[in-house]
Amino acid sequence: MIARIWRTQIDETRADDYRRFAHVKSLPMFRAQPGFVGVLFAANLAERAVITLWRDIASAQRLDQSETYKSTVAEIEATGFLRGESSVEVLELEGFFLEDATARSWEVS
């Protein structure tokens, strides 16, 4: 399994807008990608990370070529709530452990 980590910073006064975008736009886009396994949205003050999980390296690499991904990236860049440069790293998972394997999702009100 592969982890793809996208890091960015946001305008903290627009954190709710960012969360809404992640739930309404990014999550459905990721779910439509071949080889997608899951996603974690993480935050620390203005820092954000989106950790997507993929079946294999080819699936993770195909994301960059996806028209729906490119469209979503253009849309989030146009919102004005991202700050600074974004970065991506791709890592092979060597293992993981979940204390509670119950699937959960979050919603923005």
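Sorting check: for 66-77, 83-94, which peptide has the highest mean count of neighbouring beta carbons within 10 Å, and how do the rest follow?
Numbers: 66-77: 13.6, 83-94: 11.2.
Descending packing order for the listed peptides: 66-77, 83-94.
Quantify, in whole percent, the carbon and sulfur part of the accessible surface of the chain (1.4 Å probe; protein heavy atoms only). Write out the running numbers ahead of the final one.
Numbers: 3700 of 7280 Å².
Carbon and sulfur: 51 percent of the exposed surface of the chain.
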note = Expressed per residue, the solvent accessible area of the chain in Å² (1.4 Å probe) is about 67
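Looking at the chain from every direction and averaging, what is the projected area of its Cα convex hull in nm²? Could the numbers behind the result be given before it?
Numbers: hull surface 29.0 nm².
It is 7.2 nm².
Would you work out the relative contact order for the chain, in percent, from Cα pairs under 8 angstrom that are 6 or more residues apart? Don't jump to the answer; show the numbers that get you there.
Values: 148 pairs, mean separation 47.3, N = 109.
Relative contact order of the chain: 43 percent.
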query = Normalised by the residues of segment 20-60, what does the relative contact order come to in percent, with Cα pairs under 8 Å and at least six apart?
reply = 34
request  = Compute the length gained on full extension between R7 and A74: take 0.36 nm times their separation in residues and subtract their Cα-Cα distance, giving the result in nm to one decimal.
outcome  = 22.5 nm
message = To test your reading of the geometry: what angle, between 0 and 90 degrees and rounded to tens, separates the Cα axis of helix 67-79 from the longest principal axis of the chain?
response = 30
note = Sorted largest first, the C-alpha extents of segment 22-62 along its principal axes in whole angstrom are 32, 20, 13
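Given the DSSP H assignment, sum -39500 (n - 2.57) over each helix run of at least 4 residues in the chain and divide by its residue total; what's the result at 222 nm in deg cm²/dmol, nearest 500?
-7500 deg cm²/dmol
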task = Using a cut-off of 12 Å between beta-carbons, work out the net charge of the residues near S26 (Lys and Arg +1, Asp and Glu -1, S26 not included).
result = +4
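The values are calculated or read from the model by the stated rules, or taken from the named source; none is laboratory data. Because the structure is a prediction, the values reported are computed rather than measured. Ideal geometry is used to build each Cβ from the backbone, glycine not excepted, and the neighbour counts take in all protein chains shown. Side chains are part of the model used for accessible areas, which takes the heavy atoms of the whole protein and leaves out ligands, DNA and RNA. Shrake-Rupley method; radii C 1.70, N 1.55, O 1.52, S 1.80 Å.
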